[in-house]
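What follows is a single structure, written as structure tokens, with notes after it.
Please treat every number below as a calculation from the coordinates, not as lab data. Predicted, not measured: the structure shown is a model, and the values here were computed from it. Reconstructed Cβ throughout: ideal geometry from the backbone, glycine too, with neighbour counts over all protein chains shown.
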Ligand code: SIN
């Protein structure tokens with residue numbers, strides 16, 4: 001049995017939140033960052049729109065807070081909203097010092113940024129780098145992390161489960177001691193020990209058949225935390241982005257909301273705008289409203305998609321402002337300067353997650369969660385566009401101080417607990433991979449058909465019943481066979497799907513991103529509260 005790998009800080013995930021944490025923690029001790037693929041594979045790297053931040057003289061923290069609370073449909077934690085928004089400018093200044101570049105107004109002096117606007121915002125406050133803002137941020141953070149001698153980036157390491165005193169059978173207060181991870185480079189499970197474990201695993205968009213998320217977004221952090229008995233909040237609030245490209249060759253390609261911010265108009269197959277029928281803010285209404293409007297139009301007209309028309313803008317301007325989208329569409333034979341873009345809603349963001357306080361601390365001692373995996377209270381029932389990169393940067397920073405205060409260095413947690421080695425099932429049957437892929441497809445289709453933009457109690461019940469059976473099947477794979485990344489992903493996916501369904505089932509109202517035909521109204525008297533779940 002090999003000794004556990006020990007680090008002062010163990011970070012799982014390489015998005016903005018995890019890397020921000022790691023870079024700051026590295027000033028105090030040794031950090032290992034685990035990435036199940038490569039460091040480059042994160043939701044952050046795919047973010048197009050940008051980072052919301054109060055920078056313009058005609059904007060204010062209060063206005064940004066008001067917009068966030070409005071989008072969040074009564075469920076935001078106002079203290080979290082205020083703290084995260086007001087710390088934004090400092091974190092943005094740090095990113096700029098690291099070399100991140102945001103688009104400037106043409107010919108303007110340095111620092112005079114070209115601020116964008118998206119749905120739900122009443123002011124221009126979105127910093128962007130063309131339409132690849134996340135990639136710009138991720139590239140700089142990752143380069144800094146790779147250059148930092150106190151950080152080791154372990155790529156191809158799939159975190160399996162948290163190790164806790166409770167799971168090991170100790171009677172003391174439950175706390176996190178580390179985790180098991182599959183080293184996919186050699187196919188072996190390794191034990192990692194740390195008194196400071198930080199989940200920064202991103203969201204769970206891949207639980208749905210249609211999503212704007214990359215392949216890595218399989219809800220690993222939420223599933224791991226759930227299995228360790230940590231409190232999970234508000235998983236029913238899955239945000240659907242209104243405008244994912246509708247094209248057979250490119251199913252997960254986002255058409256940024258910034259297009260609507262710059263004058264793009266949603267139209268039906270008949271070329272007629274329709275958003276005025278649904279909200280006075282029309283194309284710039286919050287996302288939940290726009291996604292539901294599109295869903296309604298598609299169902300009403302029987303068409304497969306709607307269209308986003310930005311042909312009012314000159315070609316050269318579009319090429320400059322949205323270079324990535326413009327080129328990607330051109331490669332598919334769509335000239336956005338001449339024709340409307342076919343779009344459909346798709347799963348985009350997990351507004352709930354592992355419940356944390358304003359320092360990223362979870363209900364389990366020794367475990368923190370930052371970024372999309374966490375539920376801080378910023379997003380409430382529906383996230384305001386471009387608030388997530390902001391949250392990642394702020395929470396990655398805030399968590400460091402809390403971790404150091406609660407689990408100070410150099411003093412280590414006494415080594416009174418010995419960590420059990422991983423016991424692996426050794427049966428291997430490649431034929432079973434077919435079953436895994438089948439189950440994977442079934443979960444994603446079932447979630448799309450029964451648990452997406454508009455829900456009903458009956459559909460949720462159906463989904464719950466089927467998911468229970470699938471969970472049993474997946475559990476058999478997990479125990480009987482050597483673990484593989486496929487089995488681990490499937491196990492997490494089915495767990496997160498069940499959490500979404502259970503949360504949705506318990507909310508008898510429609511609010512923000514949760515809409516059910518059986519309870520079409522908001523019910524403040526009974527449901528103006530978070531949905532909390534934990535494993536007993
Ligand atoms: C977008 O560019 O539309 C996505 C922005 C976000 O999800 O915050």
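Couple of notes before you dig in:
- Stretchable slack from residue 485 to residue 96, in nm (0.36 nm times residue separation minus alpha-carbon distance): 136.4 nm
- To the nearest ten degrees, helix 485-506 and the longest principal axis of the Cα atoms of the chain are 60 degrees apart.
- With Cα atoms, 0 to 90° folded angle of helix 61-71 axis to the chain main axis: 90
- Highest average first, the peptides 68-77, 450-459, 103-112 ordered by how many other beta carbon atoms sit within 10 Å of their residues are 68-77, 450-459, 103-112.
- Remark: relative contact order (the chain) = 21 percent; criterion is Cα-Cα distance under 8 angstrom and separation of 6 or more residues.
- Three-way shape label, the range 235-315, alpha-carbon gyration tensor, a/c 1.5: rounded
- For the listed peptides 39-48, 485-494, a ranking on the average number of other beta carbons within 10 Å per residue, highest first, reads 39-48, 485-494.
- Rounded if a/c under 1.5, otherwise prolate or oblate - the range 72-169, Cα gyration tensor axes: oblate
- Per-residue packing, averaged as other Cβ atoms within 10 Å, sorts the ranges 231-243, 177-189 into the order 231-243, 177-189, beginning with the highest.
- The range 330-399 and the range 263-307: distance between their alpha carbon centers, rounded to Å: 23
- Degrees separating the helix 133-147 axis from the principal Cα axis of the chain, which is the longest one: 30
- For the range 140-190 versus the range 196-234, the gap between their alpha-carbon centres in whole angstrom: 16
- Separation between Cα centres of the range 30-57 and the range 61-107, rounded to whole Å: 15
- Note on residue 167 and residue 185: their simple-model spin labels are 2.3 nm apart, each label 7 Å out from Cα toward Cβ.
- Taking the range 144-215 and dividing mean pair separation by its residue count, relative contact order in percent (alpha carbons under 8 Å, at least six apart): 21
- With contacts taken as Cα pairs under 8 Å at a separation of at least 6 residues, the range 494-536 carries a relative contact order of 33 percent.
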